[in-house]
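First comes the structure, then the notes that go with it.
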Amino acid sequence: MEKDKEKMLQFCNDFSKNTLMETLNIEYIDAGEGFLVAKMPVNSTVHQPMGLLHGGASVALAESVGSAASHFFINPKEQEVRGIEISVNHLKSIREGVVFGTAKIIHKGKTVHLWEIRITDEAGNLISLCKLTNMVLQKKP
């Protein structure tokens, strides 16, 4: 299992090269049965003008980790994932440190995956609560 976990994390981190995830310094750090965890540093690069974590950066973290997690339930040679809806409640602010996005599967259908993503700080405090719906598509030849 540990070897599979390392392969999953390596896939996610490699898949993120030259993308928004790399720009935001999102790193996938843990994975297991039905969940994936990523971390993102909180500093001026992800702040809004008031010096707090920008809600859009939180949403980007949530969608990134939830979409990456859906890849573990598809055949990437024949299928691909698209986020089709995300809702986020921002519950607490943070100025610096690290936030963690933990995606847990709620529903795993053939064509729809529903994820809950909890964004927490280093102390485990809930920063944002997110729900992401992904659609599974067949790749076009």
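Read-outs throughout are calculated quantities, based only on the coordinates presented, and are distinct from any laboratory measurement. Predicted model, so just to flag it, every value in this text is computed and none were measured. Counting neighbours? That spans all protein chains shown, and the Cβs are built from the backbone with ideal geometry, glycine included.
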Under 17 Å from K131, Cα to Cα: aspartates and glutamates that are on another chain or at least 8 residues apart: E63, E85, E116
message: Among 62-68, 103-109, how do they line up by average Cβ neighbours within 10 Å per residue, starting with the highest?
response: 62-68, 103-109
- request: May I ask for the net charge around N125, where only other residues with Cβ less than 15 Å from the Cβ of N125 are counted and Lys, Arg are +1 while Asp, Glu are -1?
  value: +1
statement: With x for Gly and Pro, the residue-by-residue ³J(HN,Hα) of the stretch 42-51, computed from phi through the Karplus equation 6.51 cos²θ - 1.76 cosθ + 1.60 at θ = phi - 60° and given in whole Hz, is 10, 7, 4, 6, 10, 7, 8, x, 7, x
task: Sequence neighbours fewer than 8 away in the same chain don't count; with that in mind, list the lysines whose C-alpha is under 24 Å from K3.
output: K17, K39, K77, K104, K108
field: the stretch 100-117 and the stretch 9-56: distance between their alpha carbon centers, rounded to Å
entry: 17 Å
- prompt: If we restrict to alpha carbons, what Rg and Dmax does the stretch 1-118 come to, in Å?
  reply: 14.3, 45
- prompt: In 10 Å bins starting at 0, how do the alpha-carbon pair distances of the stretch 54-98 split up by percent?
  reply: 22, 44, 23, 10, 1
